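Novice: First the structure, which I've put down as structure tokens, then a few questions once you've had a look.
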Amino acid sequence: MTGRIRPTTYQVQMRIFEVAGCVYVRTQGDHLVYHYPGAKRPVVIPKYKEVPVFIIRNNMKVIGMSVEEYNSMLNKV
């Protein structure tokens, strides 16, 4: 199943990025803002029932997470 990312709820995204080392900073409107050490910008997770794949991939790129790492964390949460 590697290489395939599917939309998930924002709660699942919160858990994945917290496990990856992101720290919750604040809520701005309907977006959750996380800090990741060494990242050039914050990780932003919108409070959607289904977070689109392009947002997940952008957040992965911000912290340097591979698809394999993402899928292994998805299986843990």
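Novice: Straight-line reach from residue 47: which aspartates and glutamates fall under 17 Å, measuring Cα to Cα and dropping same-chain residues less than 8 apart?
Specialist: Here the aspartates and glutamates satisfying the reach criterion relative to residue 47 are 18, 30.
Novice: Go ahead and run the numbers for FRET between residue 68 and residue 39, Cβ-Cβ distance against an R0 of 25 Å, rounding to 0.05.
Specialist: The calculated FRET efficiency here is 0.80.
Novice: Further question: Under 12 Å from a label point 7 Å along Cα→Cβ of residue 76: give me every residue in region 9-51 with its amide N that close.
Specialist: 15-22
Novice: If the only charges are +1 at each Lys and Arg Cβ and -1 at each Asp and Glu Cβ, what is the size of the charge dipole of the chain around the Cα centre, to the nearest 20 debye? Could the numbers behind the result be given before it?
Specialist: Details: 11 positive and 5 negative charges, 25 e Å.
Using Cβ point charges on Lys, Arg, Asp and Glu, the chain gives about 120 debye.
Novice: When a/c is below 1.5 the answer is rounded, else prolate if a/b is larger than b/c, else oblate, so apply that to the chain with a ≥ b ≥ c taken from the square roots of the Cα gyration tensor eigenvalues. Could the numbers behind the result be given before it?
Specialist: Values: a/c = 1.67, a/b = 1.24, b/c = 1.35.
Taking the square roots of the gyration eigenvalues as a ≥ b ≥ c, the chain is oblate.
Read the figures in this text as sums done on the coordinates, not as results from a lab. Since the model is a prediction, treat every value here as computed from it, not as a measurement. All Cβ positions, even for glycine, are placed from backbone atoms using ideal geometry, and neighbour counts span all protein chains on display.
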